[in-house]
Amino acid sequence: MPEVIEVHPITRLEGHGKIEIILNDAGDVDRAYLSVPELRGFEIFAKGRPAEIMPQLTARICGVCPTAHHTAAAKALDDLYGVTPPPAARKIRELLYNMFMFEDHLLHIYILGGPDFIVGPDAPKALRNVVGVIQKVGIEIGTRLIAMRRQVRELMTLLAGKVIHPVLNLPGGVARGIHEEEREQFVTVAQQAVDFARFTLDTFRTVVLKNSEYLELILSDIYRHDTYYVGLVDDQNKVNFYDGRIRVVNPEGREFLKFPVQEYQDHLAEHVEPWTYVKFLFLKQVGWKGFADGMDSGIYAVAPVARLNVADSMATPEAQAAYEEYVNTLGGKPVHLTLAMHWARVVEVIQAAEAFLQLAQDEEICSDRLRTPIGEPRGVGIGVVEAPRGTLIHHYETDEKGLITRANLLVATQNNAARIAMSVDKAARMLVHNGKIGEDLLNKVEMAFRAYDPCFACATHALPGSVPLEAVVRNAAGEVVERVRNFE
Amino acid sequence: MKKKVAFYWCASCGGCEEAVVDLAEFLLDALEQIEIVFWPVAMDFKIEDVEQLTDGEIFASFINGAVLLSDQEEVVRLLRRKSQVVVAFGSCSHQGGVPGLINTHDRQDVFDYYYHNGPTVQRNGNEMPTPTGAKAFHVALPEYYGKARPLNQVIEVDYYIPGCAPPPNVVKDALLQLLSDSPPPRGTVLAGAHSLCSECPLNETKPPEGFKIKQFVRPSQVTHIDPDTCLLMQGLPCLGPVTRSGCNALCIKGHMPCTGCFGPLDGVRDFGAAALSFLASLIDSNDEAEIQRIIDEGLPDPLGTFYMYSFPGSLLNEVLQKGRQKARAWREREETVEAQTTENQ
């Protein structure tokens, strides 16, 4: 008679994410599930809408990463109309995008994932949140973080109309340009961003890397999966958030595929399970072999660790130095360690800040050549970006008037969904024995999925210090046998 | 004593949560006056903690997102009981929001496409996620209804903060008004009282009385939007004249037309109908075929244009849902008759 342990973030009440651990008769883990009870049907109600509204409409999928959807949609429209934005427009889009990567990653580093390391996985639960982080790094730094994010987001508002649901991008370019005096503001804030990124790396070094216990945890087998990795690279195989070709490396780190996003249907497919509304992406040529890692399973990962695995190098100098330190410390590529995600995210913050500064210093962004005229729609348009949480693909088909007839959206967390499910399953199996829930189970399981910065309902990463979890052990009659929670 | 405040989300994108975070330093200052007793996204308090409060103990609950699931309905009813004031926060809670466009589709369409017919789906027989199917794996999956409702269709609402998402200045002003000694009358939409044009930097260049146009243009079809001239004068379907002010014309400062996320002015029941009738009044023609052509070319998606944020709360939605009910009842009756005929034979 199986016992069921439900581990669910309190946010699951609104249908966000939920873990269920099934015990066998011996009280060991039979299987752990991460289910996502959410479905809003964007592809369905996109039908009949004019293609050019997609950058605004699909931004509403996620209020935390609206810029990712906004930009992927615009690139799909460029493809739909067969146009290339003028150089200034492309740079303005990239400027907005790097600012977004910077502030969004900071949110995870300091407020969501960070508390596990900055405050520590064994710290009192009441402190394992942003308040604890501020206590640890000092109120001055806490205030600086809040001001940094606000300044960047205010400039994003200036450029994109709104930061929560931008209106900047259109097929063939952008709606608004940048005046010279505005550009100076961008440069000033970008310089502060680069400083803040350096400070973040220093903090990570001091707090995490100099602590052998933390390093051991990062290297632990509980948080390791040898899978394929997917991400965008530029023509020199450098990490690029805005554009490039999709590169796939195998679990040994060798290039397996490299293709333009227009061919994504040849390489990626979605698997359906009856216990979750999320579909699991996998590599078509390897095939779906269940929730397993290794060369023979088509499961792959995206997001920071994956991006750093698929690329040969970073695109900016200071990020490159940080990347080399990361790879060398972790014993070379590919890095299969889920918790290394936090470190990889810091490396990416540096690249985003450096790119932000480079683009702000480029006088061409003040050009008034912002749009390439569009002609008739060509029927199909496909676009891709690297969202903070991984590769994001928008695919639209339209009629001759440019009205959507079919849409397909492959979102970042969907790429990671199978690996996240495995991570949760493995952590549970290694931590739960004889029906006993280890004291640290809840946070250890939390850490297995939090590292991915998963975007189940997009909202789960707005501000929580720690995701409040409750584990309920039930017998087959549904009676609660034991209840453990990580909050009072 | 500090006033107790709760934040809660229903079916939302998380943008309204970010809107609160975007208060930045102001939020830290506000904590001198308010005590947050429930905020699932940010704090560890649970439903049980809310249940333990006395009725009316919470000063104000700010609820965002449309209501899509039964458990969301239970929580908002609980918050209503515990709160002196309930505020619908953001477009979805105020009017149903963008995800409310799903109300025009059948639930089955969503499932067939997502799990069987989508371009990248590797179909696994007839398998699709269902609460019953999930049960076999000991996983409890909630039922998906596929109909979004604004908050005031579920509980009584005292105030509204409009916007998708509400910008920081609007949220800040609303908080200050609610916390003041003389709060505004119940039912108030806590934003501007006039149309967006009143605060639009292009208002000086607005069309003269009797202005008519022969063509609406889609923003993608013009390569340059003149940032110094009213967008309506340029043929762009800007909904500013029928939309409530308060955002300081953010989208227009981004050189894009207003799409109406702040909803209607006081006294207007159906935003989409007001928007439609406003733009229709600008059309310079009495010829039906010509009017049709102007609409087809410039406004090819009336539903999405006029009801982008407000469909679930609209009269049109009521008509649609009633029609569907009737059709269902009719179908059932037909089936019963058919079954009886077969039986009699």
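Summary table below
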| quantity | calculated |
| --- | --- |
| Any hit, segment A:295-305, residues being among the charged types (D, E, K, R) and part of a loop (DSSP other than H, G, I, E, B) | yes |
| Given (1) at pLDDT 95 or above; (2) under 30 Å from A:Phe282 (Cβ atoms), number of the condition A:Pro377 does not satisfy | (2) |
| Hits in segment B:95-111 - residues which are open to solvent by 50 Å² or more (accessible area, probe 1.4 Å) and part of a helix (DSSP H, G or I) | B:Arg107, B:Gln108, B:Asp109 |
| Subset of segment B:87-110 [under 17 Å from the mean Cα position of the chain (by Cα) and aliphatic (A, V, I, L, M)] | B:Val87, B:Ala88, B:Val98, B:Leu101, B:Ile102 |
| Selection within segment B:198-243 - within 16 Å of A:Gly161 (Cα to Cα) and in a helix (DSSP H, G or I) | B:Glu199, B:Pro219, B:Gly240 |
| Residue match in segment B:262-276 (condition: in a helix (DSSP H, G or I), more than 20 Å from the chain's Cα centre (by Cα) and modelled with pLDDT of 95 or more) | no |
| Given (1) part of a loop (DSSP other than H, G, I, E, B); (2) open to solvent by 10 Å² or more (accessible area, probe 1.4 Å), index of the condition A:Gln320 fails | (1) |
| Of the criteria (1) at the interface with chain B (Cβ under 10 Å from one of its Cβ atoms); (2) touching a residue at least 40 places away in the same chain (Cβ under 8 Å), which one A:Gly41 fails | (2) |
| Extreme residue, most open to solvent (accessible area, probe 1.4 Å), among residues of segment A:224-242 that are outside any loop (DSSP other than H, G, I, E, B) and closer than 23 Å to A:Glu324 by Cβ | A:Arg224 |
| Top-ranked residue of segment A:356-389 - restricted to ones that are under 30 Å from A:His225 (Cβ atoms), crowded, with 24+ Cβ neighbours inside 10 Å and not charged (D, E, K, R), ranked as farthest from the chain's Cα centre (by Cα) | A:Gly383 |
| Filter result (modelled with pLDDT under 95, open to solvent by less than 10 Å² (accessible area, probe 1.4 Å), assigned to a helix (DSSP H, G or I) and of a type in the set (Val, Ile, Thr)) within segment A:55-85 | A:Thr58 |
| Any hit, segment A:243-260, residues being assigned to a loop (DSSP other than H, G, I, E, B) and within 17 Å of A:Ala355 (Cα to Cα) | yes |
| The lone exception for A:Arg307 - which of (1) of a type in the set (D, E, K, R); (2) closer than 18 Å to A:Val385 by Cβ; (3) touching a residue at least 40 places away in the same chain (Cβ under 8 Å); (4) within 14 Å of chain B (Cβ to nearest Cβ) it fails | (4) |
| Flag for A:Ile111 being within 24 Å of A:Gln351 (Cα to Cα), within 12 Å of chain B (Cβ to nearest Cβ), modelled with pLDDT under 90 and in a helix (DSSP H, G or I) | yes |
| Odd one out for B:Asp158 among (1) charged (D, E, K, R); (2) open to solvent by 30 Å² or more (accessible area, probe 1.4 Å); (3) in contact with a Gly (Cβ under 8 Å, 6 or more places away or on another chain) | (2) |
| Odd one out for B:Val86, checked against (1) open to solvent by 10 Å² or more (accessible area, probe 1.4 Å); (2) not basic (Lys, Arg); (3) not in a helix (DSSP H, G or I) | (1) |
| Residue identified as surrounded by 23 or more Cβ atoms within 10 Å (Cβ to Cβ), modelled with pLDDT under 95 and either hydroxyl-bearing (Ser, Thr, Tyr) or closer than 22 Å to A:Leu95 by Cβ (or both) among A:Thr338, A:Thr329 | A:Thr338 |
| Residue match in segment B:202-215 (condition: over 30 Å from B:Glu290 (Cα atoms), open to solvent by 30 Å² or more (accessible area, probe 1.4 Å) and over 21 Å from the mean Cα position of the chain (by Cα)) | yes |
| Single match in A:Gly294, A:Gly298, A:Gly290 (criterion: in contact with a Gly (Cβ under 9 Å, 6 or more places away or on another chain) and more than 30 Å from A:Gly120 (Cβ to Cβ)) | A:Gly298 |
| Among the candidates B:Thr120, B:Thr104, B:Thr132, residue that is within 12 Å of chain A (Cβ to nearest Cβ), in contact with a strand residue (DSSP E or B) (Cβ under 7 Å, 6 or more places away or on another chain) and of a type outside the set (D, E, K, R) | B:Thr120 |
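The values are calculated or read from the model by the stated rules, or taken from the named source; none is laboratory data. Every value quoted in this text rests on a predicted model; they were computed, and no experiment measured them. For neighbour counting, all protein chains shown are included, and Cβ atoms are generated from backbone atoms with ideal geometry for every residue, glycine included. Side chains included, ligands, DNA and RNA excluded: accessible areas come from the protein's heavy atoms. Shrake-Rupley method; radii C 1.70, N 1.55, O 1.52, S 1.80 Å.
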